[in-house]
Amino acid sequence: MSDLHQTVTTGFQTRFDTEPTGLWSAPGRVNLIGEHTDYNDGFVFPFAIDRRTVVALGVRADRLVRVASSFAEETVELSLDDLTPENLEGWSAYPLGVAWALGQFGADLAAVAGFEVFIDSDVPIGAGLSSSAAIESAVAVALNDVWQLGLDRRVLARVGQLAENRAVGAPTGIMDQSASLLGRADAAVFLDCRSLAAEVIPLGFDAAGLELLIIDTRVSHAHSTGGYASRRASCEKGAQLMGVSSLRDLDVDDLARARDLLDDETFRRVRHVVTENQRVLDTVRTLREQGPTAIGALLDASHVSMRDDFEISVSELDLAVETARATGAIGARMTGGGFGGAAIALTPHALIPAVTAAVTAAFAARGFGTPDLFVVRAADGAAREQD
Ligand code: ADP
Ligand code: MG
């Protein structure tokens, strides 16, 4: 039994004084390319990573719901009759928000049984690897099984998103939950955020001797702060002035007209989204036709676009990307919403120690805080665990 299986089983037994019905898990995710495209109805290309949130869940005979986590002292308790987004707060809004959101997608919450759940995870929290989607997706697959709802994974992704939007109050898209639920080993999820069509595309990193190195700058990013909201507003303004319902409806041929029509800042925001959508399409095509060693330039171009056009990078991210490239990464970019968080560097296996040392030294030389560097591999999505 793995460590997390052991800790959730023991945690469940200790907190609830009974045995769980089963164990379920779901991974965090990293976005390979396609940033700030999701809310513009565009394309993203994330993969599920080999860091997971595991839940032990047991069905109760009554209507009580109890949630506990190795991250929190308290056990949060509620009746299913009181399960509304307004009644939820703090970390328990993630798992309990999922239970509520299942009710919005067909579960009869007036009839289902109560449950107890204990949660543990090795997805770093707040590092941009979506510990939030991991916890939501793990609870969603668990309740889908024990409540025998028969919802498919694309619907469960929307359940997780609704929980995060309404119960947690974070205005996030569908990308994270889709990666956590649909991901496969050594593959990424090509997602059309307009149609919600999702396709699993082999990455072939292993065969090419490549690793994806995460460089967590540990500069904290808060999506609710002005930067994220103002970028969204610029995109809406750009779409409106260009006469389209979303920036997805523009392609690179429309940029000359956009330059004439828009103020410089709005134009650059639009150019990022339009070219980033194209880079996602190009990445998928390049992987299929030439394999992963050929996608480096697309990752680099994505970073430059976020740094100069969308203006969401910070010095630590730029330094991480530049240093990784200079020491052997074949492509690197910041990943996630920006203003902090992590960068990714696609790196030949043998050069991981050299890049790690160089980035760490460069941060020290600039007086930045110590970054956290680790390799992630593309892993399978949410599943019931063998117990
Ligand atoms: P991330 O980038 O990791 O998704 P978020 O702020 O979106 O960051 O979500 C992190 C929050 O999710 C945590 O602050 C906590 O409330 C909740 N969370 C994630 N994993 C767990 C866990 N294992 N146990 C309890 N709460 C968790
Ligand atoms: Mg999150």
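The values are calculated or read from the model by the stated rules, or taken from the named source; none is laboratory data. Everything numeric in this text was worked out from a predicted model, so none of it was measured. As a convention, Cβ positions derive from the backbone with ideal geometry for all residues, glycine included, and neighbour counts pool all protein chains shown.
Once the range 1-43 is narrowed to residues that are among the β-branched types (Val, Ile, Thr) and part of a loop (DSSP other than H, G, I, E, B), the residue that is nearest to Asp251 (Cα to Cα) is Thr37.
A quick yes/no check of all residues on (1) of a type in the set (Val, Ile, Thr); (2) near ligand 1 (Cβ under 8 Å from one of its atoms):
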residue	(1), (2)
Gly90	no, yes
Val112	yes, no
Ala127	no, yes
Trp147	no, no
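Scanning the range 234-257 for residues that are in contact with a Lys or Arg (Cβ under 7 Å, 6 or more places away or on another chain) and hydrophobic (A, V, I, L, M, F, W, C) turns up Cys235, Leu255.
Within the range 131-167, the set of residues being within 22 Å of Asn40 (Cα to Cα) and among the aliphatic types (A, V, I, L, M) comprises Ala133, Val155, Leu156, Ala157, Val159, Leu162, Ala163.
One residue stands out in the range 36-59 among those that are within 16 Å of ligand 2 (Cβ to nearest atom) and among the aliphatic types (A, V, I, L, M): the one that is surrounded by the most Cβ atoms within 10 Å (Cβ to Cβ), namely Ala48.
Regarding the range 132-143, can at least one residue be identified that is under 15 Å from Ala93 (Cβ atoms), modelled with pLDDT under 95, hydroxyl-bearing (Ser, Thr, Tyr) and within 12 Å of ligand 2 (Cβ to nearest atom)? No, the range 132-143 has no match at all.
Conditions tested, residue by residue: (1) under 22 Å from Asp50 (Cα atoms); (2) out of contact with any strand residue (DSSP E or B) (no Cβ under 9 Å at 6 or more places or on another chain); (3) of a type outside the set (S, T, N, Q); (4) in the same structural domain as Gly126 (by the TED database).
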| position | (1), (2), (3), (4) |
| --- | --- |
| Ala185 | yes, no, yes, yes |
| Ser234 | no, yes, no, no |
| Gln240 | no, yes, no, no |
| Val244 | no, yes, yes, no |
| Val252 | no, yes, yes, no |
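Screening Gly341, Gly296, Gly381 for residues that are surrounded by 18 or more Cβ atoms within 10 Å (Cβ to Cβ), in contact with a strand residue (DSSP E or B) (Cβ under 9 Å, 6 or more places away or on another chain) and closer than 30 Å to Pro20 by Cα leaves exactly one candidate, Gly381.
Could you list all residues from the range 103-131 that are polar (S, T, N, Q) and within 15 Å of ligand 2 (Cβ to nearest atom)?
Across the range 103-131, the qualifying residues are Ser121, Ser130, Ser131.
Restricting attention to the range 304-338, and to residues there that are under 20 Å from Asp176 (Cα atoms) and more than 16 Å from ligand 1 (Cβ to nearest atom), which single residue is surrounded by the most Cβ atoms within 10 Å (Cβ to Cβ)?
The residue in question is Arg333.
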